[in-house]
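Participant: Here it is, the structure in full.
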Number of protein chains: 2
Amino acid sequence: MVESLRLQPGSAGHIVYSQLKQQIVSLELPPGTALSEKEVSLSFEVSRTPVRESFVRLAQEDLVVVLPQRGTRVSLIDSELVEEARFMREQLEKAVVRLACESFPEDKLLELERNLSEQSESIEKHDGKHMFELDETFHRILFEGCRKVGTWNVLQQMNAHLNRSRMLWLSADPNWTNLYEQHREIVDAIRRHDADHAEREMQEHLSLIISNLAVLKEKHPDYFK
Amino acid sequence: MVESLRLQPGSAGHIVYSQLKQQIVSLELPPGTALSEKEVSLSFEVSRTPVRESFVRLAQEDLVVVLPQRGTRVSLIDSELVEEARFMREQLEKAVVRLACESFPEDKLLELERNLSEQSESIEKHDGKHMFELDETFHRILFEGCRKVGTWNVLQQMNAHLNRSRMLWLSADPNWTNLYEQHREIVDAIRRHDADHAEREMQEHLSLIISNLAVLKEKHPDYFK
DNA sequence: ACTACCATACTTGTATGGTAGTATGGAACT
DNA sequence: AGTTCCATACTACCATACAAGTATGGTAGT
């Protein structure tokens with residue numbers, strides 16, 4: 001999970017923000033959960049001020065909704081946003097992987113290989129949570145290698161919504177082996193400078209990470225808008 | 001300029017945020033300008049709390065940098081971010097305009113036509129500022145027509161940086177007529193469902209709105225990172 | 001039984017005082 | 001003259017008190 005360092009990492013405000021965000025995206029705080037500045041401030045043992053700051057930031061990312069004088073809740077999953085997140089990832093990742101096929105720094109390629117090894121291990125151990133993180137890291141390395149970190153960061157904002165639905169899907173049928181093979185194919189294509197193949201693989205790959213929203217919606221109607 | 005409505009529009013915090021953002025993007029507050037909670041709170045005649053909130057939001061968008069116990073400044077223009085903003089727009093707008101060629105709601109098409117008329121007027125009046133806004137609106141309508149508003153909104157976050165450099169360029173050589181012709185071509189292509197042509201036009205179009213960064217950097221070295 | 005009203009206990013929004021860290025300029029010393 | 005040290009005046013950060021809007025449950029009146 002990527003931490004945005006816009007506020008000082010050590011500050012109380014940042015800690016509350018990153019903790020809450022992690023809990024929201026991991027569904028530890030399910031969509032619709034009521035949050036109150038006071039309540040959260042008590043549990044974190046800080047005053048309302050840094051809590052409020054974190055709420056402001058989370059609201060900007062649409063992860064919470066603030067109803068003035070009424071309360072603050074973890075936002076429901078917006079199917080439109082999830083679909084748009086998939087759209088953004090498809091367009092940007094296809095473009096990035098094409099760039100990667102033109103030129104990609106050797107050290108980043110090694111990072112990808114190391115990442116793939118860890119993926120392989122995690123699959124054997126059936127460690128879905130770790131595999132999830134490794135998948136995120138894999139794609140981030142691609143953006144880093146193409147000097148598109150800023151792009152990756154704003155993409156993460158949308159991705160948070162997509163990831164919440166992936167989290168629901170996680171318990172069902174991850175099909176990690178398939179994802180691993182595709183990652184492998186993508187790296188190989190980059191090595192061969194085969195842009196067309198890489199793009200096609202990426203497209204397929206992304207179509208796999210997006211779950212069937214309708215099914216999830218039926219299973220957890222109270223989590224969706 | 002699009003207002004994000006994440007905070008209540010009426011609240012002091014939101015007002016300070018949107019005003020400051022507008023002033024930053026318009027270069028009314030040039031890159032590097034020192035801001036202080038106290039100073040701003042006095043000028044807006046509110047307490048430091050809502051000012052602080054606005055700083056948090058602006059920091060999240062990289063429009064200000066907060067140095068703890070040292071001060072807050074309007075961020076310098078980051079050439080990397082500007083380039084990435086161009087990259088993101090290129091990828092996403094090309095994809096969106098292709099979608100638009102498949103299907104585009106009639107009412108949005110009318111909005112585009114109205115927008116084009118206003119552009120024509122503004123060019124005659126040599127009203128660069130208004131033309132700038134109409135250009136933004138034109139592209140936003142495209143995203144709206146394809147049901148990609150969320151995408152447009154996150155794109156705006158990067159676009160803020162691009163727009164600051166466009167603002168510098170504004171005084172030089174806008175070449176609005178050329179931009180207008182391209183807008184015209186794009187709308188016609190959408191009507192004809194000619195995706196390939198639309199995409200090509202869009203690509204050219206976007207290559208035009210991005211100014212020569214090196215020149216700007218030389219002219220305003222203190223504005224850039 | 002039903003309705004209108006109001007006290008009360010919430011909520012977020014705002015103001016303000018205090019704390020700790022940082023830059024700066026001048027005084028004292030070498 | 002040059003260097004060190006320290007008082008002072010900033011800064012962002014945090015805690016707390018108050019203001020204002022909202023939901024709710026009980027009560028009085030019909």
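Participant: If residue B:84 passes every condition in (1) crowded, with 20+ Cβ neighbours inside 10 Å; (2) away from DNA strand C (no atom under 16 Å from the Cβ); (3) outside the structural domain of residue B:196 (by TED's automatic domain parsing) but one, which one does it miss?
Facilitator: Here residue B:84 meets the rest and fails (3).
Participant: Working carefully through the options B:76, B:29, find the one that is within 30 Å of residue A:146 (Cβ to Cβ), in contact (Cβ under 8 Å) with a residue 40 or more places away in the chain, open to solvent by 20 Å² or more (accessible area, probe 1.4 Å) and not charged (D, E, K, R).
Facilitator: Exactly one residue qualifies, and that residue is B:76.
Participant: Consider residue B:121 against the criteria (1) without any contact (Cβ under 8 Å) to a residue 40 or more places away in the chain; (2) more than 30 Å from residue B:221 (Cβ to Cβ); (3) within 14 Å of chain A (Cβ to nearest Cβ); (4) not aromatic (Phe, Trp, Tyr): it satisfies all of them except one. Which criterion is unmet?
Facilitator: The number of the failed condition is (3).
Participant: Any idea how many residues of segment A:154-166 are at the interface with another protein chain (Cβ under 9 Å from one of its Cβ atoms) and open to solvent by 20 Å² or more (accessible area, probe 1.4 Å)?
Facilitator: To start, the set of residues in segment A:154-166 that are at the interface with another protein chain (Cβ under 9 Å from one of its Cβ atoms) comprises A:154-155, A:157-158, A:161.
From the residues that got through so far, the ones that are open to solvent by 20 Å² or more (accessible area, probe 1.4 Å) too are A:157.
Residues that pass the stated criteria total 1.
Participant: For segment A:21-31, give me the residue count where each residue is away from chain B (no Cβ under 14 Å) and either within 14 Å of DNA strand C (Cβ to nearest atom) or charged (D, E, K, R) (or both).
Facilitator: 2
Participant: Only one residue in A:103, A:36, A:79 is hydroxyl-bearing (Ser, Thr, Tyr) and within 16 Å of DNA strand D (Cβ to nearest atom). Which one? Please lay out each step first, then the result.
Facilitator: Values: A:103 fails: within 16 Å of DNA strand D (Cβ to nearest atom); A:79 fails: within 16 Å of DNA strand D (Cβ to nearest atom).
Sole residue among the options that is hydroxyl-bearing (Ser, Thr, Tyr) and within 16 Å of DNA strand D (Cβ to nearest atom): A:36.
Participant: Enumerate the pairs (first residue in segment B:185-212 and under 28 Å from residue B:160 (Cβ atoms); second residue anywhere and open to solvent by 80 Å² or more (accessible area, probe 1.4 Å) and of a type in the set (Lys, Arg)) with beta-carbon separation below 6 Å, excluding pairs fewer than 6 apart on the same chain, so at least 6 apart or on different chains.
Facilitator: Close Cβ pairs satisfying both conditions: B:199/B:98.
Participant: Got a sec? Which of A:46, A:66 is more than 10 Å from DNA strand C (Cβ to nearest atom), β-branched (Val, Ile, Thr) and more than 26 Å from residue A:208 (Cβ to Cβ)?
Facilitator: Values: A:66 fails: more than 10 Å from DNA strand C (Cβ to nearest atom).
Exactly one of A:46, A:66 is more than 10 Å from DNA strand C (Cβ to nearest atom), β-branched (Val, Ile, Thr) and more than 26 Å from residue A:208 (Cβ to Cβ), namely A:46.
Participant: Return yes when residue A:41 is more than 29 Å from residue B:149 (Cβ to Cβ) and within 14 Å of DNA strand C (Cβ to nearest atom) and no when it is not.
Facilitator: It is true that residue A:41 is more than 29 Å from residue B:149 (Cβ to Cβ) and within 14 Å of DNA strand C (Cβ to nearest atom).
Participant: Something else: How many residues does segment B:93-129 hold that are in a helix (DSSP H, G or I), over 21 Å from residue B:192 (Cβ atoms) and open to solvent by 60 Å² or more (accessible area, probe 1.4 Å)?
Facilitator: Selection size over segment B:93-129: 4.
Participant: Sticking with this structure for a sec: Please specify each residue of segment B:122-166 satisfying the condition of being out of contact with any helix residue (DSSP H, G or I) (no Cβ under 7 Å at 6 or more places or on another chain) and among the aliphatic types (A, V, I, L, M).
Facilitator: none
Participant: Residue A:76 - would you say it is more than 11 Å from DNA strand C (Cβ to nearest atom) and within 9 Å of chain B (Cβ to nearest Cβ)?
Facilitator: Working: more than 11 Å from DNA strand C (Cβ to nearest atom): yes; within 9 Å of chain B (Cβ to nearest Cβ): no.
No: the conditions fail for residue A:76.
Participant: What are the residues in segment A:41-73 that are more than 11 Å from every other protein chain (Cβ to nearest Cβ), surrounded by 14 or more Cβ atoms within 10 Å (Cβ to Cβ) and either not in a strand (DSSP E or B) or not polar (S, T, N, Q) (or both), if any?
Facilitator: A:41, A:44, A:46, A:51, A:73
Participant: Could you please find all residues in segment B:39-57 being near DNA strand D (Cβ under 7 Å from one of its atoms) and of a type in the set (Phe, Trp, Tyr)?
Facilitator: Residue satisfying the conditions is B:55 alone.
Participant: Still on this structure: Among (1) assigned to a loop (DSSP other than H, G, I, E, B); (2) within 15 Å of DNA strand D (Cβ to nearest atom), which single condition is residue A:28 missing?
Facilitator: The one condition residue A:28 does not meet is (2).
Participant: Does residue B:200 satisfy being charged (D, E, K, R) and touching a strand residue (DSSP E or B) at 6+ places or on another chain (Cβ under 7 Å)?
Facilitator: no
The values are calculated or read from the model by the stated rules, or taken from the named source; none is laboratory data. Because the structure is a prediction, the values reported are computed rather than measured. Counting neighbours? That spans all protein chains shown, and the Cβs are built from the backbone with ideal geometry, glycine included. Remember, those area values only see protein heavy atoms, side chains included, never the ligands or the DNA or RNA. Shrake-Rupley method; radii C 1.70, N 1.55, O 1.52, S 1.80 Å.
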